[in-house]
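Below is one structure, written out as structure tokens, with a few remarks after it.
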Amino acid sequence: MTDLPELSVRRFYARQMHLLDDGDVTGWAQTFTETGSFASNAMPAAVAGRDAIAKAAGETTAALARDKLRRRHWIGMLAITAGDDDTVRVRSYALVIQTPIGGTPTVLASTTCDDLLVAHGDDWLVADRVIARDDLDGVSP
Amino acid sequence: MTDLPELSVRRFYARQMHLLDDGDVTGWAQTFTETGSFASNAMPAAVAGRDAIAKAAGETTAALARDKLRRRHWIGMLAITAGDDDTVRVRSYALVIQTPIGGTPTVLASTTCDDLLVAHGDDWLVADRVIARDDLDGVSP
Amino acid sequence: MTDLPELSVRRFYARQMHLLDDGDVTGWAQTFTETGSFASNAMPAAVAGRDAIAKAAGETTAALARDKLRRRHWIGMLAITAGDDDTVRVRSYALVIQTPIGGTPTVLASTTCDDLLVAHGDDWLVADRVIARDDLDGVSP
């Protein structure tokens, strides 16, 4: 694990979100562990494993392209807690900014993001992510 | 004071805003000094002291719960100036994102935030905060 | 070049955007190299050199003052790549938050920002900046 997780975790999130927003769904899936899990209170069930994560992101990416929409995911306000030797827990806020080509940006969603990250060299992988959208009641699956 | 105030100040702001947004008004008040002051050009007068700061935050928290609104405070674009041994001045931007449960997020406010922070172990406390909302003319009290 | 470019680059962006948003167009122009270039897919041609950069910013600043609008530029989600000894490339996201005095903040623009920064003491200067607004098709000039 890196000496300054604040910096490496931030660097990881920037890279991870650029991959997603650029539509590189294979690269995005590789930022999760093999058995990594992604849950959200907007989804009926958690998605687990890189293939399933890539498939879900691919469907969203295709829909955005079809509808001529661009999304930018901002992660910020990170509270990092060291776990055992090679893990950290990170609670953060996320904003999803959506812009139609030819249109006006909107804040599509404001969420919290609770991650369990595991060290991967001097970088990180997501083992478990739980997103809670502020506009939805109820907890993630 | 910490060697890398950029990191500890960011960590402080994340924790402080999580406390506020989670409605932990006692924890929030403890992030100010005993005589800490909070002023805003949206308020008729500054609020000083932890009890008064907790009371003001408690009223806001109760109103948000009643109206089924969630707020997220983002602090960013930090310009940090070292003061004497154990203080820093921080000028930052803040965004308040408000989401009605069942509704759509909005940018409720864009502000500047001018803080005087004093070291508290390897963490910080707010001795003086001045918020200036961009939509309001005039200076803080 | 600094040992921790993440910190010095962030510090640079905060200072640079405060200068712009405060209307200090001379100070803003000084954050570019003498021959620094600023291009955007919202502009017909790139602007090059400090005088031209100051002039363009001055026109925008005057229009905002006339129309009683305040802007805040947020730069985030930084991906930094070290170049040769004294340069870095930074891909980031930017949000422009605009607030009419007496009105409601809006997200005026969501963009990517691709910078070539050159070291300047322990600080940075922009040698080349390319902005791509998400709402516009096409590439920068």
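Of note:
- Residues in region A:41-61 that are farther than 18 Å from A:Asp115 by Cα and either modelled with pLDDT under 95 or part of a strand (DSSP E or B) (or both): A:Pro44 only.
- Count of residues meeting criterion [among the acidic types (Asp, Glu), free of Cβ contacts under 8 Å to residues at least 12 places away in the same chain and buried (at least 19 other Cβ atoms within 10 Å of the Cβ)] in region A:2-29: 0
- Count - residues of region A:70-113 that are without any contact (Cβ under 8 Å) to a residue 40 or more places away in the chain, within 9 Å of chain C (Cβ to nearest Cβ) and closer than 20 Å to B:His73 by Cα: 7
- Every residue from region B:30-39 that is more than 10 Å from the chain's Cα centre (by Cα) and surrounded by 21 or more Cβ atoms within 10 Å (Cβ to Cβ): B:Gly36
- For the residues B:Ala52, B:Ala82, B:Ala94, B:Ala119, the requirement of being small (Gly, Ala, Ser) and within 21 Å of B:Leu136 (Cα to Cα) singles out B:Ala94.
- The residue that is nearest to the other protein chains (Cβ to nearest Cβ), counting only those in region C:116-141 that are under 11 Å from C:Ala39 (Cβ atoms) and buried (at least 16 other Cβ atoms within 10 Å of the Cβ), is C:Ala132.
- Of residues in region B:15-40 being touching a Gly at 6+ places or on another chain (Cβ under 8 Å) and either at pLDDT below 95 or part of a helix (DSSP H, G or I) (or both), the one nearest to the other protein chains (Cβ to nearest Cβ): B:Leu19
Conditions (1) aliphatic (A, V, I, L, M); (2) modelled with pLDDT of 95 or more; (3) at positive phi, marked per residue:
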| position | (1), (2), (3) |
| --- | --- |
| C:Arg66 | no, yes, no |
| C:Met77 | yes, yes, yes |
| C:Asp86 | no, no, no |
| C:Val107 | yes, yes, no |
| C:Ala119 | yes, yes, no |
| C:Asp122 | no, no, no |
| C:Asp135 | no, yes, no |
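- Any chance C:Ala62 is out of contact with any strand residue (DSSP E or B) (no Cβ under 7 Å at 6 or more places or on another chain), in contact (Cβ under 8 Å) with a residue 12 or more places away in the chain, more than 30 Å from A:Gln16 (Cβ to Cβ) and of a type in the set (A, V, I, L, M): no
- Total residues in region B:1-14, condition within 10 Å of chain A (Cβ to nearest Cβ) and assigned to a loop (DSSP other than H, G, I, E, B): 1
The values are calculated or read from the model by the stated rules, or taken from the named source; none is laboratory data. In this text, all values refer to a predicted model and were calculated from it rather than measured experimentally. Neighbour counts are summed over all protein chains in view; Cβ atoms, including those assigned to glycine, are modelled from backbone coordinates with ideal geometry.
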